[in-house]
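Report on the following structure.
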Amino acid sequence: MEKLQNQEKMLSDDLSDTQKKVLKSLAEKALSRKDIFEVIGISGDSRSFTRHISPLISDGLIEMTLPDKPTSRLQKYRLTDKGKVRLG
């Protein structure tokens with residue numbers, strides 16, 4: 001159990017400050033891409049999405065609310081259980 005917690009801690013250290021802000025912004029409720037970028041205070045262009053959001057999705061820390069419709073205007077992102085553990 002301790003080994004697993006240490007691994008989670010190491011992975012947490014690998015997150016950028018911006019990625020940590022994204023996780024914190026999703027702690028209370030699911031947010032749209034636009035809302036996430038407004039909360040963390042950076043532009044919401046595709047490069048920022050690729051740099052900050054995509055790795056969190058790939059790592060299973062956040063997920064889409066509409067995974068079958070990734071480009072939907074109603075798409076939001078939420079914290080996964082793994083993301084909640086990482087947030088502490």
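Values quoted throughout were computed directly from the atomic coordinates according to the rules given, and no laboratory measurement underlies them. What you see is a predicted model, and the numbers here were worked out from it, not measured in a lab. Cβ sites come from the backbone with ideal geometry, for glycine too, and all protein chains shown count toward neighbours.
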How many Lys pairs in region 2-87 lie less than 21 angstrom apart by Cα atoms, where the lysines are 8 or more positions apart or on different chains? 28
Given an 8 Å cut-off on Cα distances and at least 6 residues of separation, report the relative contact order of region 2-87 as a percent. 36 percent
Taking the alpha-carbon centroid of each part, what is the distance from region 53-88 to region 20-47 in angstrom? 11 Å
Could you go through region 78-83 in sequence order and give the Karplus-derived ³J(HN,Hα) for each residue, using 6.51 cos²θ - 1.76 cosθ + 1.60 with θ = phi - 60°, rounded to whole Hz, and x for Gly and Pro? 9, 6, 8, 4, 4, x
Which shape class, rounded, prolate or oblate, goes with the chain when its Cα gyration tensor gives a ≥ b ≥ c as root eigenvalues, a/c under 1.5 marks rounded, and past that a/b bigger than b/c marks prolate? prolate
Name the residue farthest towards the positive end of the dipole of the chain from the options Leu74, Leu61, Leu23, assuming +1 on Cβ of Lys and Arg, -1 on Cβ of Asp and Glu, about the Cα centre. Leu74
Rounding to the nearest 20 debye, state how big the charge dipole of the chain is about its Cα centre with +1 on each Lys and Arg Cβ and -1 on each Asp and Glu Cβ. 240 debye
What spacing in nm lies between the two simple spin-label points modelled at Ala30 and Phe49, each 7 Å away from Cα in the Cβ direction? 1.7 nm
